Structure formats: C-alpha cells, structure tokens
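*Asks:* Sending over a structure as structure tokens; questions will come in a sec.
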Amino acid sequence: MLPGQVPAVHALIWVEVLERLNHTAWAGVARMAIDPDAWQPKLTLVLADGREVVGERVYAAAPQVLFNQVQPLDVTFTLPPAEPAPAGGGAPGGEHGQRCFKASVAAVWEASFPDHRAPFCLPPSSAALCHRLAPAAAYTPDRPALWSVLIPLRSMGAPWGTHVSRTTVRLHHHLAYLREVGAAGALLYTDPLMRQALEAEAAVQRFLREGRLMFVTWDMMERRDYMWDHHMVYGHAALGLAGCGTNLWLQLSDLDEMLFSVYDSTWPRVYSCLVESAVNRTAVRSSSSRDGAPAPAVFRLYRVDVLSSRVAPEDEAALWYTAPAAAAAAGRPPPHPLDSYDRISKTPLWTGKMLACPAARVVDSWAHDARALLGSWHVANSSCAFILHVKNYW
C-alpha cells in the first residue's frame, strides 16, 4: 500500500429497486417480509478472529432513479490493524491478507432475515486481466483500448444448430467492424453450453487465437423484464473491471449497433474528439478553466436508425447471419452487411448507448445510460461519433 492508505474492503451490492421489492414473483422478485420504504440494509463484516467491522456508506445514492431495475449499495469496511498470532500458534486474526470473510446481517436486516450469514471471498486480482485487455505498452489514458460488451446471445426460437451458426456469422461481422474502427475486441457473456458450441466453430477459434474475443461465463437466466440482461451484464462488466486503469474503455451496446464517425475516424481519434468536446463545453458552461474538472467517464451517444434501399426489410436479418457463398467459395472475406445500408433517419432515437471508463466506478447502469462516481457524464458530440442502429437486424 501507498503511504496514508488504509486497508479496507469496498463492496458494491446490487438490489432490486426498492419500490419493486414488495411486488409478486411475477417479475422474478420475491415479496418482502418488511416495508421496503423503511428498509435500510446494514452489513457487518466478521473477521477470522471474530471481530466485527460495521460497513460505512461512502457514495451518495443517485440523485434520480434511472430506468434500471436494480440499484447499487456502496459499502466500505475499514479493516482494523492486524493482531499477532496467539502464543500457541495459528493464524493471526484480522490480518490484511485475509481474503475470505463471513458477513453478518444486522439492524433491520435481522428483522427480516434472522441468522442469515453469507460467507464470501474477495475476487482474485484483476491485474492480469487488465493487462490482457489494455497492455500499458500499447494503450495509455490518452489512447485507451476499447472493448465491446455483449449480452448473452440467446436463441429466439431457432433450432440449436441454426442458432449457433447464425451467432458465429453475426460475431464475425461484429468483430470485423470493431477492427475497422480501431477497437480491441469484444467481451461476450455466455453460458457454458453456448461457449462450448461457439468454440467448436473455426471462425470463433480464430478470434480467440487473435485475442479479439473473450468469453465471460454467465449462467444467469434471462428475466421477464425487458433489458434485464443489459442491467446485470453492463453492471458486472463496469464494476468487475473497475480495478483497471483509465487506458480501458467499454462500448456498452448490442450487435445491431455500431460506432460510427461521419469523418471516417477510428477509435483513437473518436476518443480524443469526444474528450476535447466535452471538456470545452464544460469549461464554457462553468466559465472556468478546464483544469480541475472531473475527467469524462461516460459518454451517451446518439443512436440513429439505418435502413437499406437494396434489401427488403423482412430480408435484412439474413444479411447478418448468412455468409455469402460466392465469397466463401473464392476464399475471400464476405462483404460487410453495413455496406448495403444507404438510408439514415433524420432524427435520433430518444435512447442512446454508452461508452464508459470502468476505472471511474460506473454504476446505475441500464441498457441506455449510466453514471460514474469518480468522473463526469456527457452527451457525446455527434460530430465525433454516434451509433448506427440497424432496426431490422433481428
């Protein structure tokens, strides 16, 4: 640790939105035994020697409830000084290297869940993963790596073999476009069965060898509520990579959405443009200097529908899951389906998508927005970049 730092365990705990906690299980939510309006969870950390550390709330709650169905509770446990080992031997109590704990629920939680104690262990260090995603030799805070985060690609009624083959082609197009715009790759959340099936595909094996695709094991079932996968996956990715540096950014969007610059700029130039525009606008609004303001950490990009005049709307989906036979037979890479799109909406959709820096502790994330506890939120300048949304992709 650095001088002046205090050993502590910081936890970000996700719960359903309080106003939903007393609903029936229709949306996958159990009815509470107490009034959710009076529910204020308090956690106590139990160390190996039995000493208890009461959790402290560090960050204030969001000023307004977003559309997401879950809310974060931020708790920090400041660890006491380590005690020497007993004279007879054994492990010392409360040592700073302790990685597994028992959590005892106190105060109002005891009223609703008596004797409920959940053990947990700190996750392993993310240093190796951060280095793999954004090696310092190749990426800096001024020129960060960009990784696309994809929710589980679930079947929508197609037979299993058809679903796997179509998903493979869709991934090919997605990763080809990411490479074209200068992004590093994609993080695909998937269950073990789908992962095993995709790993058997030659195209996916190439992506994995090149380091442009990484699987994140995800065995949570899809909930009834729309965009539940987005809520949980985006929150998991942003918070799970919070230990990485500011040389890593995430694109939180879907397969049918593509980062686009009207000036054909690639990601490094797009990023510089977004940051410069955000900083300048902040300085103008506050009539102050650019120094000292929180660094941009979340950009909400406009999202604009695109259509094709060459392909009927009902035939567009096949563009994205069918590899052209002629190109495949000739050993050439297939043309990108986006080349067929020549019509764009005059106005953007009311919901956008995000670029976010996980080091800024991005919370309150849902499908179309988020906030950063340690950085600033901005609407992205569309002259730098926006999102093309293929409305008939599926």
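*Asks:* So the check is Cβ under 7 Å with 6+ separation or different chains; which pairs have a first residue in the range 337-352 that's more than 22 Å from residue 368 (Cβ to Cβ) and a second one that's assigned to a loop (DSSP other than H, G, I, E, B) and of a type in the set (D, E, K, R)?
*Replies:* 340/310
*Asks:* Could I ask something else about it? Taking the conditions exactly as written (open to solvent by 10 Å² or more (accessible area, probe 1.4 Å) and closer than 23 Å to residue 249 by Cα), does residue 338 satisfy them or not? Break it down into steps so the answer makes sense when it comes.
*Replies:* Values: open to solvent by 10 Å² or more (accessible area, probe 1.4 Å): yes; closer than 23 Å to residue 249 by Cα: no.
Answer is no for this residue.
*Asks:* Hey, another quick one. Among the residues of the range 263-271, is any surrounded by fewer than 19 Cβ atoms within 10 Å (Cβ to Cβ), touching a residue at least 12 places away in the same chain (Cβ under 8 Å) and farther than 20 Å from residue 179 by Cβ?
*Replies:* no
*Asks:* Give the number of residues within the range 177-214 that are at negative phi and under 21 Å from the mean Cα position of the chain (by Cα). Let's see the steps before the verdict.
*Replies:* First pass over the range 177-214, keeping only residues at negative phi: 177-181, 183-184, 186-210, 212-214.
Still in the running and under 21 Å from the mean Cα position of the chain (by Cα): 177-179, 181, 183-184, 186-192, 194-195, 207-208, 212-214.
The number of residues fulfilling the criteria is 20.
*Asks:* Any residue at all in the range 356-372 that's outside any strand (DSSP E or B) and without any contact (Cβ under 8 Å) to a residue 12 or more places away in the chain?
*Replies:* Of the range 356-372, the ones outside any strand (DSSP E or B) are 357-361, 364-370.
Of the ones still in play, those that are also without any contact (Cβ under 8 Å) to a residue 12 or more places away in the chain are none.
No, the range 356-372 has no match at all.
*Asks:* Taking the stated definitions as given, is residue 304 modelled with pLDDT of 95 or more, among the β-branched types (Val, Ile, Thr), closer than 24 Å to residue 363 by Cα and within 24 Å of the chain's Cα centre (by Cα)? Please lay out each step first, then the result.
*Replies:* Working: modelled with pLDDT of 95 or more: yes; among the β-branched types (Val, Ile, Thr): yes; closer than 24 Å to residue 363 by Cα: no; within 24 Å of the chain's Cα centre (by Cα): yes.
For residue 304, the condition - modelled with pLDDT of 95 or more, among the β-branched types (Val, Ile, Thr), closer than 24 Å to residue 363 by Cα and within 24 Å of the chain's Cα centre (by Cα) - is not met.
*Asks:* Can I ask one more? Residue 239 - would you say it is farther than 18 Å from residue 179 by Cβ and open to solvent by less than 10 Å² (accessible area, probe 1.4 Å)?
*Replies:* On the way: farther than 18 Å from residue 179 by Cβ: yes; open to solvent by less than 10 Å² (accessible area, probe 1.4 Å): no.
Taking the combined requirement at face value, the residue does not satisfy it.
*Asks:* What is the residue count in the range 131-169 for residues that are open to solvent by 20 Å² or more (accessible area, probe 1.4 Å), within 27 Å of residue 269 (Cβ to Cβ) and in contact (Cβ under 8 Å) with a residue 24 or more places away in the chain? Lay out the reasoning, then the answer.
*Replies:* Looking only at the range 131-169, we keep the residues that are open to solvent by 20 Å² or more (accessible area, probe 1.4 Å), and these are 131-132, 135-143, 151, 153-162, 165-166, 169.
From the residues that got through so far, the ones that are within 27 Å of residue 269 (Cβ to Cβ) too are 131-132, 135-143.
Okay, now just the ones that are also in contact (Cβ under 8 Å) with a residue 24 or more places away in the chain, so 132, 136, 139-143.
Qualifying residue count, the range 131-169: 7.
*Asks:* Output the residues belonging to the range 201-219 that are of a type in the set (A, V, I, L, M, F, W, C) and farther than 24 Å from residue 317 by Cα.
*Replies:* Looking only at the range 201-219, we keep the residues that are of a type in the set (A, V, I, L, M, F, W, C), and these are 202-204, 207-208, 213-216, 218.
Answer for the range 201-219, where residues must be of a type in the set (A, V, I, L, M, F, W, C) and farther than 24 Å from residue 317 by Cα: 208, 214, 215, 216, 218.
*Asks:* On to the next question. Which residue, of 376, 308, is of a type in the set (Ser, Thr, Tyr), buried (at least 16 other Cβ atoms within 10 Å of the Cβ) and farther than 23 Å from residue 144 by Cβ?
*Replies:* 308
*Asks:* What's the total number of residues in the range 273-298 that are open to solvent by 60 Å² or more (accessible area, probe 1.4 Å), modelled with pLDDT under 85 and in a helix (DSSP H, G or I)?
*Replies:* 3
*Asks:* Of the residues in the range 245-265, how many are polar (S, T, N, Q), under 17 Å from residue 354 (Cα atoms) and over 16 Å from the mean Cα position of the chain (by Cα)? I'd like the intermediate steps shown before the answer.
*Replies:* Let us first name the residues in the range 245-265 that are polar (S, T, N, Q), namely 246-247, 251, 253, 261, 265.
Those left that are additionally under 17 Å from residue 354 (Cα atoms): 246-247, 251, 253, 261.
Now restrict to residues that are over 16 Å from the mean Cα position of the chain (by Cα): 261.
Counting residues in the range 245-265 that are polar (S, T, N, Q), under 17 Å from residue 354 (Cα atoms) and over 16 Å from the mean Cα position of the chain (by Cα) gives 1.
*Asks:* Among the residues of the range 198-233, which ones are at pLDDT 85 or above, open to solvent by less than 50 Å² (accessible area, probe 1.4 Å) and assigned to a loop (DSSP other than H, G, I, E, B)?
*Replies:* 211, 212, 218
*Asks:* What about residue 188, is it among the aliphatic types (A, V, I, L, M) and in a helix (DSSP H, G or I)? Explain how you work it out, then say what you get.
*Replies:* Details: among the aliphatic types (A, V, I, L, M): yes; in a helix (DSSP H, G or I): no.
Considered against the rule, which asks whether it is among the aliphatic types (A, V, I, L, M) and in a helix (DSSP H, G or I), residue 188 comes out as no.
*Asks:* Another one. Output the residues belonging to the range 348-368 that are open to solvent by 20 Å² or more (accessible area, probe 1.4 Å) and closer than 23 Å to residue 133 by Cα.
*Replies:* 359, 361
The values are calculated or read from the model by the stated rules, or taken from the named source; none is laboratory data. Remember, predicted model here, so these are calculated numbers, not experimental data. Heads up, the Cβs are rebuilt from the backbone with ideal geometry, glycines too, and the neighbour counts pull from every protein chain shown. The protein model used for the area step is the full one, side chains on, heavy atoms only, and it has no ligands, DNA or RNA in it. Shrake-Rupley method; radii C 1.70, N 1.55, O 1.52, S 1.80 Å.
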